[in-house]
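Since every read-out is calculated from the coordinates, none of them should be taken as a lab result. Remember, it's a predicted structure, so these values are computed and weren't measured experimentally. Please note: Cβ atoms are built from the backbone with ideal geometry, for glycine as well, and neighbour counts cover all protein chains shown.
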Amino acid sequence: MTSSPNFKLTSLVRQAGQDQETYAGFYRVPPPRRMARGRNSDPLIFYIHLETSHRAAAGVHEQNPLQPAALQQLAQKLAHTFYTTPGSTSAAMLKTAAALNEQLLENNLRLAANGQQVVGSLTQVVLQAGGFYLAQSGAQHAYCFSEEGVRHLYDPELSGRSLGMSRSTPIRYFHAPQSGKDALLLAARPAPSWNPA
């Protein structure tokens, strides 16, 4: 039996020219007591970026319109989906991204008349002994720093496909070995302007 990796989770945030201690949307959620077959207690990290569509369409980008408590509750719900989904890690990641996409889309369809729609992007990271699995949905970036250099994990085809815009769930998977000295940086950029009509 392999052991889970040791890691340190740090949030680096700068908003309005000021360093911030924490970022609402960046979570490590502990596993539930009961997990589906094939799931284990490997560390799971979410990076959730949400923004209102009417402000994105106007070229004004904001950080996560939900309150921190609501984002925390959302992260816990997504973690429950991941850990209770049987099968492969990639299958659980897909179901988790699809759950967020469906929630955002249903909300957007219901609120289409008043323009209070929300689009999003999501990075999921599962840390395992010797490496990590990463899944991106939407305009998310990751950088893996190792002795071999810097690897940019990003799919430009997903940059214009935020969650909450259609029934299909955009997702791209990455896997990389990792040693104790490696670092992984997660980042999001604002969603492209779009017209929900």
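Spacing of the modelled spin labels on ARG110 and SER168, each 7 Å from Cα toward Cβ, amounts to 2.6 nm.
Label sites at ALA129 and GLU147, each approximated as a point 7 angstrom past Cα along Cα to Cβ, lie 2.0 nm apart. If the segment from THR84 to GLN67 were pulled out straight at 0.36 nm per residue, it would be longer than the present Cα-Cα gap by 3.5 nm.
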